[in-house]
1. Do we have any residue at all in the stretch 109-129 that's open to solvent by less than 30 Å² (accessible area, probe 1.4 Å) and within 21 Å of Thr162 (Cβ to Cβ)?
2. Go through the stretch 141-161 and count every residue that is under 17 Å from Trp75 (Cβ atoms) and open to solvent by 50 Å² or more (accessible area, probe 1.4 Å).
3. Restricting attention to the stretch 72-99, report how many residues are free of Cβ contacts under 8 Å to residues at least 60 places away in the same chain, in a helix (DSSP H, G or I) and of a type in the set (Asp, Glu).
4. Does at least one position in the stretch 37-48 carry a residue that is within 21 Å of Glu151 (Cβ to Cβ), open to solvent by 60 Å² or more (accessible area, probe 1.4 Å) and in contact (Cβ under 8 Å) with a residue 12 or more places away in the chain?
5. Tell me which residues, restricted to the stretch 45-73, are farther than 18 Å from Leu111 by Cβ and either touching a helix residue (DSSP H, G or I) at 6+ places or on another chain (Cβ under 6 Å) or among the hydrophobic types (A, V, I, L, M, F, W, C) (or both).
6. Looking at Lys96, Lys77, Lys138, Lys105, which one is open to solvent by 60 Å² or more (accessible area, probe 1.4 Å), more than 15 Å from the chain's Cα centre (by Cα) and within 29 Å of Ala164 (Cβ to Cβ)?
7. So Gly34 ticks every box in (1) within 16 Å of the chain's Cα centre (by Cα); (2) surrounded by fewer than 13 Cβ atoms within 10 Å (Cβ to Cβ); (3) at pLDDT 90 or above but one. Which box is left unticked?
Amino acid sequence: MRKLLTVVALLLGLSSQAQEQAGLPNVQLKDIQGNVVNMQELTTAGEPLIISFWATWCTPCKKELSNYAELYEDWQKDFKVKVVAISIDDARNTAKVKAYVNGVKWPFQVLLDPNEDMKRSLNFQTVPFTMLLDGNGKIIYRHNSYVEGDEFVMEEKLKKLTAAAP
């Protein structure tokens with residue numbers, strides 16, 4: 001029984017590690033202007049990428065992204081990072097997403113995932129869900145939920161990532 005538990009734990013660890021190392025799926029989404037964006041093309045610049053999934057009804061999501069927006073200019077200068085916010089609001093609420101984003105004036109790209117194609121591909125259940133990808137498009141950090149100050153955890157992850165880059 002002990003050997004079985006060890007094997008299961010090892011397999012779960014490898015599965016989690018493989019999931020962390022995986023890149024973005026080949027999914028196309030639209031931005032709030034209606035332009036088609038291939039998710040795999042977001043990671044070709046060789047720079048870090050933060051992707052945050054959110055919804056208009058999710059208060060912690062909006063707080064996280066607003067806090068990212070306050071730090072974004074410095075993050076771009078210090079880490080050359082790009083932030084992409086992906087709304088999982090359904091098609092009926094697309095107009096709400098655009099109105100909200102225009103109101104808060106987030107400085108980063110906002111995409112729409114009304115059918116939850118990306119959400120299903122990445123296999124997560126709740127928002128906010130945030131990922132950090134390295135310059136090669138590998139997912140190196142992910143987390144669910146948001147508490148005040150998580151943006152500084154992300155900043156530390158960015159510092160470590162860019163310090164390790166050649």
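The values are calculated or read from the model by the stated rules, or taken from the named source; none is laboratory data. Model, not experiment: these values are computed from the prediction. Neighbour counts run over all protein chains shown; Cβ positions are idealised from the backbone, glycine included. The protein model used for the area step is the full one, side chains on, heavy atoms only, and it has no ligands, DNA or RNA in it. Shrake-Rupley method; radii C 1.70, N 1.55, O 1.52, S 1.80 Å.
1. No, the stretch 109-129 has no match at all.
2. Qualifying residue count, the stretch 141-161: 6.
3. Residues in the stretch 72-99 being free of Cβ contacts under 8 Å to residues at least 60 places away in the same chain, in a helix (DSSP H, G or I) and of a type in the set (Asp, Glu): 2 in total.
4. Our first condition is that a residue be within 21 Å of Glu151 (Cβ to Cβ); within the stretch 37-48, this holds for 42, 47-48.
Now narrow it down to the ones that are open to solvent by 60 Å² or more (accessible area, probe 1.4 Å): 47.
With the extra rule that they be in contact (Cβ under 8 Å) with a residue 12 or more places away in the chain, the set shrinks to 47.
The answer is yes; a qualifying residue exists.
5. Asn67, Leu71
6. Details: Lys96 fails: within 29 Å of Ala164 (Cβ to Cβ); Lys138 fails: more than 15 Å from the chain's Cα centre (by Cα); Lys105 fails: within 29 Å of Ala164 (Cβ to Cβ).
Answer to the selection: Lys77.
7. Among (1) within 16 Å of the chain's Cα centre (by Cα); (2) surrounded by fewer than 13 Cβ atoms within 10 Å (Cβ to Cβ); (3) at pLDDT 90 or above, the lone unmet condition for Gly34 is (1).
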